[in-house]
Amino acid sequence: MLENINQTKQEFTNELQNTHDLQQLEQLRIKFLARSGRIGGLFEGMKTAAPADRPMLGKALNELRQYAQLHYDAKKADLEQAQKPKEIPFDLTLPGRMKNVGTKHPVIQVMEEIKRIFISMGFSVENGPEIESDYYNFEALNFAPDHPARDMQDTIFIADKILLRTHTSPVQIRVMEKQKPPVRAIMPGWSYRNEAVSARSLVAFHQVEGLYVDKGVTFSELKGTLVAFAKQFYGSSIKYRFRPSYFPFTEPSAEMDITCYLCGGKGCRICKYSGWLEVLGSGMVHPHVFKAVGYDPENYTGYAFGMGIERTALLRYGIDDIRILYENDVRFLKQF
Ligand code: DAH
């Protein structure tokens, strides 16, 4: 009898393994688990077993029945699951969700375009530190010791003679220190000034510096390059002019103006009724600057220029308040 029980278990196990659908499984159930099935039959057989063997046989039979039921249930669950149509975890008929695609910040766009134009004219791009010493920011650039820009009022100092650069011009010095002429580079980056924020000025803003040094560089090359730039950047139909100016690190110095984008030169609130807007400062590199970096001013000449990127963005897009660039209002930024 015990042998019979073991054999039934073996058969049940084998047949269960060969069961691949619910119909086969139902037949298996009838064959083994139904009242009149094989296991039921074994329970019947108990009646004729020797009374002494009954407890042992009863235990083995109960174990067999449990084993068969458990494995039958598990198989049934598996087969039912496999039969169910795969559920799609989302509703294909729902309308799509719109993604808000960001855009490059207008200041970065302007910066990239300025770079692109100067790179196409043979300039390289250089960088320098935003934390500078008095030497690079002022002294090497020929600022007199009592120049007002050196005042706490205008410059953000970090420690004695250590400051946040007030312009990108110190990068000129660093580039010339590490490189012999010819030098043809632009130097974009952050600049900082201790100023009240207003429609026209920020504490942190960007500038791009330009420098060209070689034998025999002339002021007319300065004009030619900057006019070529302005026509590419602002459009070929703009009018421009160069106005004498003063910077400690250039001599002579000039500022470049273009016709006002708003009034076209007639005079309005934006251009303070002059018809012109200043776009950059420039000049021929001062001999004192060459001496500071060890270039011989008898042998080399050069020109330099600098412009504010945010200011350039205002002129390019016709915006009249510089602060709006950094308010991060998506309705504004989306337009670029
Ligand atoms: N560094 C000047 C400024 O912050 C801009 C400038 C003017 C740069 C003339 C130059 C230059 O290289 O030649 O206003």
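We did not get these values from a lab; they are worked out from the coordinates using the rules stated. None of these values were measured; they are calculated from a predicted model. Ideal geometry is used to build each Cβ from the backbone, glycine not excepted, and the neighbour counts take in all protein chains shown.
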Taking the Cα centre of region 2-83 as origin, work out the dipole magnitude from +1 charges on Lys and Arg Cβ and -1 charges on Asp and Glu Cβ, in debye rounded to 20. 320
The chain, helix-only ellipticity at 222 nm - DSSP H runs n ≥ 4, -39,500 (n - 2.57), divided by all residues, nearest 500: -12000 deg cm²/dmol
Based on the Cβ-Cβ distance of Gln179 and Arg97, what FRET efficiency does E = 1/(1 + (r/R0)^6) give at R0 = 45 Å, to the nearest 0.05? 0.30
After finding the eigenvalues of the alpha carbon gyration tensor for region 187-336, what semi-axes result from the square roots of 5 times each, listed largest first in whole Å? 30, 19, 14
Starting at 0 and stepping by 20 Å, how many percent of the alpha carbon pairs of the chain end up in each bin? 23, 32, 7, 9, 18, 10, 0
Candidates per GluC sites (Glu not before Pro) in region 241-334, loop by DSSP, up to 15 other Cβ within 10 Å: Glu298, Glu327
Please express the Cα-Cα pair-distance distribution P(r) of region 282-327 as a list of whole percents, one per 10 Å bin, running from 0 to the bin with the greatest distance. 23, 30, 17, 22, 8
With each pseudo-label sitting 7 Å past Cα toward Cβ, what's the Val227-Ser245 distance in nm, one decimal? 1.8
Listed peptides 109-115, 84-90 by packing density, highest first (mean Cβ within 10 Å): 109-115, 84-90
Students often get this wrong, so check it: of Lys231/Lys272; Lys223/Lys334; Lys115/Lys178, which have C-alpha atoms separated by over 25 Å? Lys223/Lys334
Have a look at Asn100, His206, Ser220 and report the one farthest towards the positive end of the charge dipole of the chain, computed about the Cα centre with Cβ charges (Lys/Arg +1, Asp/Glu -1). Asn100
Can you return the lysines within cross-link range of Lys75? Criterion is Cα-Cα under 22 Å, with same-chain partners fewer than 8 residues away left out. Lys9, Lys31, Lys84, Lys86
Calculate, in nm to one decimal, what Ala204 and His20 gain on full extension: separation in residues at 0.36 nm each, minus their alpha carbon distance. 58.9 nm
Amide H contacts under 5 Å for Gly265, restricted to residues at least 5 apart in sequence or on another chain and with H modeled in the peptide plane, are Cys260
Kirkwood hydrodynamic radius (Cα pairs, Å) of region 2-83? 13.3
